[in-house]
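Read the structure below first, then the notes.
Derivation of every value follows stated rules applied to the coordinates shown; laboratory data play no part. Since we're looking at a predicted model, the values are computed, not measured. Ideal geometry is used to build each Cβ from the backbone, glycine not excepted, and the neighbour counts take in all protein chains shown.
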Amino acid sequence: MASQWRWPARVAVLWALLAHQPGWRSPHCLTMFRVPIGWMQSLISLIHDDEKPPLLTAREGGGGSPGPPGNVSRIGLPEYDWGMNAIHGVQSSCIKDDDGTVYCPTSFPNPVNYGFTWNYSAYLELGRIIGVETRALWLAGAVEASTWSGRPHIGLDTWSPNINIARSPLWGRNQEVPGEDPFMNGQFGKAYTLGLQGDDDTYLQAIVTLKHWDAYSLEDSDGATRHNFNAIVSNFSLMDTYWPAFRVAVTEGKAKGVMCSYNAVNGIPTCAHPLLRTVLRDLWKFDGYVSSDTGAVEDISDNHKYTPSWATAACAAIRDGQTDIDSGAVYMKSLLQGVSEGHCRMEDVDNALRNTLRLRFELGLFDPVENQSYWHVPLAAVNTNASRATNMLHTLESMVLLQNKNNVLPLASNTKVALIGPHAKAQEDMVGNYLGQLCPDNNFDCVVSPHDALVSILGTDAVTYAPGTNVTTCSQSHIDEAVSVATAADVAVLMLGIDESIEAESNDRKSIDLPECQHQLASAIFAVGKPTVIVLLNGGMLAIENEKQQADAIIEAGYPGFYGGTAIAQTLTGQNEHLGDYINWINMSDMEMTSGPGRTYRYYKNETLWAFHF
């Protein structure tokens, strides 16, 4: 196993590093690996107290003013970035090899689409490919894609997967999770973990960070935000709904990382909550690291008012919650003050260093590289023909045919199609959030839209187009144009739905309804009297009762990613033999699952538009 260290290699690494890390020439470094007992404590003893907070900060400047990650150059301990996301692909830059070939990370469908597949093997393959590409891009020096992050060299731990429960369709981050079922989310987390962390008996390929612990599924609703929300949750709901996915990913998937969330649970901010110790580490025997979400340690004092200062917040997190990494500036600026004031001990700080440095050893970062396969992953392993084929297959599997009256689908090859709606030419809106750099020119020009994909199958003369509306705004003249286009066609295909302006991180929806302008557009097209197909782009589910009654066919496409346009076109024309199933079936801040009418398919007993696993 990765934690069973080969002590001769501990000494060998020092000689291997001499040429590259002058700091390792210190005789103190040579002695610390002579005996197995206390080797980690020996390393920590070489680190000065003022050097410790930067090593426990995701990025040195903290979330508000990002900078290079912490390092201890005098002993050759290099910097390491703890903050790379990989929700459905490595969130890094493209990178060019010596021959000028540009490699961009594979961008898969969003996790909500993986829920539609009901395919454990797809979850496993998603994690495996992301893990391989993480290693390859890290070795090649890729940087984070987000300018907010300060664009450091990516690390080998990923802030993913997101296995929170899609408790309400109003939640802004439904696209990031497989669905509302704890078992499904647990299987997704387990498979993603096994794939990404690799199957080497000694070393980890990369590290997952399961998020967000605990009872997190609110951004800004009912007068609260995720930064000050206190989730009142019974022990039953914690054990029945919010913990199972994490338990499976930790105990069966052997996940090495967990992220604590912004909110509080029953009065205690999650990053300072003893449950991180008593359940995660003590009960489940978790032996990895815990990172805060960005700014969550700051929230302990500033928004939850749980402690009076940053110094006490830092100590509450590192002592009570054993939160090892602060994605923010609190540890950097105030942790040592908290220690000096007696709110926590230097032993608590050193424990966090042990948890994090151990993982860097498990990644093989301090061992000779010659015989480590993960040190020899070529850049050519990124976005290969095989990974693109897998991406296409997963996208096809995630298309859900909700209804098909009178067998209007598949469209015949000689059908004249009016492609109408705000998502008919979607590119950026189709790929979702948490993106790496998809195209070499850092735009979305390489993403094929549904319109262009359908034209490539049926021909230019067979497909006419009118936007009809934007996602949220419309004009009568544009609707009239769409009606004219539909009148001249055999079949109308309405590309409807929402986007990140309506549902996103920090932004819950206020209604599950389709935007009113799109209702108006749909009604006008139905009045034409031609067979009509609706294709939906969305993360959280949409209320479309009237459209369900009048449309001949409806396809749920989620946020299907890079190959979404092609998958939609192939589904419309009968070239997709891999259709998926539905995963979803309301006081946003009520975190109990059984109150009121009940939440998710397990507790809601009234009529739904479509059944779970439809």
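P(r) for region 68-111: what percent of alpha-carbon pairs falls in each 5 Å bin, starting at zero?
With a bin width of 5 Å, the distribution comes to 5, 17, 15, 15, 16, 17, 11, 3, 1.
Relative to a virtual label point 7 Å from the Cα of VAL102 in the Cα→beta-carbon direction, which members of region 431-455 show backbone nitrogen distances below 12 Å?
So the set is 437-447.
Label region 363-503 by shape, choosing from rounded, prolate and oblate, from the square roots a ≥ b ≥ c of the eigenvalues of the Cα gyration tensor; if a/c is under 1.5 it is rounded, and otherwise prolate applies when a/b is larger than b/c, oblate when it is not. Let's see the in-between values first.
Working: a/c = 2.92, a/b = 2.16, b/c = 1.35.
It comes out prolate by the Cα gyration axes.
In terms of the Cα gyration tensor, with a ≥ b ≥ c the square roots of its eigenvalues, is region 82-369 rounded because a/c is under 1.5, prolate because a/b exceeds b/c, or oblate?
oblate
Please name which of VAL132, ASN404, LEU393 has its Cα lying farthest along the dipole of the chain towards the positive end, using unit charges on Cβ (Lys, Arg +1; Asp, Glu -1) and the Cα centre as origin.
Toward the positive end, the furthest listed residue is VAL132.
Restricting to the chain, compute how many DSSP beta bridges are antiparallel as a %, nearest 5.
Beta bridges within the chain, antiparallel portion: roughly 30 percent.
Take GLN549, project a point 7 Å from its Cα along the Cβ direction, then tell me which residues of region 388-417 have their backbone nitrogen under 18 Å from it.
So the set is 403-405.
Specify which residue in the list THR323, LEU335, ALA311 is farthest towards the positive end of the charge dipole of region 302-379, using unit charges on the beta carbon of Lys, Arg (+1) and Asp, Glu (-1), about the Cα centre.
Positive-most Cα among the choices belongs to ALA311.
Can you tell me what share of the DSSP beta bridges in region 399-583 is antiparallel? A percent to the nearest 5 is fine.
25 percent
What dipole magnitude, in Debye to the nearest 20, does region 400-457 give about its Cα centre under +1 on Lys/Arg Cβ and -1 on Asp/Glu Cβ?
420 debye
Based on the Cα gyration tensor of region 185-340, what are the three equivalent ellipsoid semi-axes, each the root of five times an eigenvalue, rounded to whole Å and given largest first?
Ellipsoid semi-axes (Å, largest first): 26, 19, 13.
By how many nm would the segment from GLN41 to THR473 lengthen if fully extended, with 0.36 nm per residue of separation less the alpha-carbon distance?
Separation in residues times 0.36 nm, less the Cα-Cα distance, equals 149.4 nm.
For region 42-143, how big is the tail of P(r) above 24 Å, as a whole percent of Cα pairs?
Roughly 44 percent, rounded to a whole number.
Give me Rg over Rh for the chain, both radii from the alpha carbons and Rh done the Kirkwood way, two decimal places. It would help to have the intermediate numbers written out before the result.
Working: Rg = 25.4 Å, Rh = 25.3 Å.
On the Cα set of the chain, Rg over Rh gives 1.00.
Compute the Rg/Rh shape ratio of region 103-176: radius of gyration over Kirkwood radius, all on alpha-carbon atoms.
On the way: Rg = 14.2 Å, Rh = 14.1 Å.
Result: Rg/Rh = 1.01.
Pairs of Cα atoms under 8 Å, at least six residues apart: use those to get the relative contact order of region 399-583, whole percent.
36 percent
If you plug each phi of region 524-536 into the Karplus form 6.51 cos²θ - 1.76 cosθ + 1.60 with θ = phi - 60°, what whole-Hz ³J(HN,Hα) values come out, in order, with x for Gly and Pro?
For region 524-536, the Karplus-derived couplings read 5, 6, 4, 5, 5, x, 8, x, 10, 10, 10, 10, 10 Hz, x marking Gly and Pro.
For a test of the definition: using alpha carbon positions, the gyration tensor, and the 1.5 limit on a/c, classify region 146-236 as rounded, prolate or oblate.
oblate
Using the beta-carbon distance between ASN406 and ILE457 and R0 = 35 Å, what value does 1/(1 + (r/R0)^6) give for FRET efficiency, to the nearest 0.05?
0.95
Across every pair of different alpha-carbon atoms, what Kirkwood hydrodynamic radius in Å does region 399-583 reach?
Across region 399-583, the inverse of the average 1/r is 16.4 Å.
Could you pull the Rg and Dmax for region 213-280, using just the Cα atoms, both in Å?
That works out to 12.2, 38 Å for Rg and Dmax.
Return the subset of LYS305/LYS510; LYS425/LYS530; LYS211/LYS305; LYS211/LYS254; LYS211/LYS425; LYS52/LYS190 for which the Cα-Cα distance in this structure is over 25 Å, preserving the input order.
LYS305/LYS510; LYS211/LYS425; LYS52/LYS190
Pairs of alpha-carbon atoms within less than 8 angstrom and 6+ residues apart define the contacts here; what relative contact order does region 74-232 have, in percent? Intermediate values should be presented prior to the final figure.
On the way: 280 pairs, mean separation 42.3, N = 159.
Across region 74-232, relative contact order equals 27 percent.
For ALA231, list long-range residues whose amide hydrogen, built 1.01 Å from N in the peptide plane, is under 5 Å from its own amide hydrogen.
ALA264, VAL265, ASN266, GLY267
Quote the charge dipole size of the chain about the Cα centre in Debye, to the nearest 20; the model charges only the Cβ of Lys and Arg (+1) and of Asp and Glu (-1).
Details: 40 positive and 67 negative charges, 276 e Å.
Value, rounded to 20: 1320 debye.
Please get the size of the charge dipole for region 399-583, origin at its Cα centre, with Cβ charges of +1 on Lys and Arg and -1 on Asp and Glu, quoted in debye to the nearest 20.
480 debye
Could you give me the ³J(HN,Hα) list for region 504-513, computed from phi with Karplus coefficients 6.51, -1.76, 1.60 and θ = phi - 60°, whole Hz, x at Gly and Pro?
For region 504-513, the Karplus-derived couplings read 5, 4, 6, 9, 7, 6, 9, 8, 8, 6 Hz, x marking Gly and Pro.
Among LEU283, VAL248, HIS88, which residue has its Cα positioned farthest towards the positive end of the charge dipole of the chain, with +1 placed on the Cβ of Lys and Arg, -1 on the Cβ of Asp and Glu, and the dipole taken about the Cα centre?
So the residue furthest toward the plus end is LEU283.
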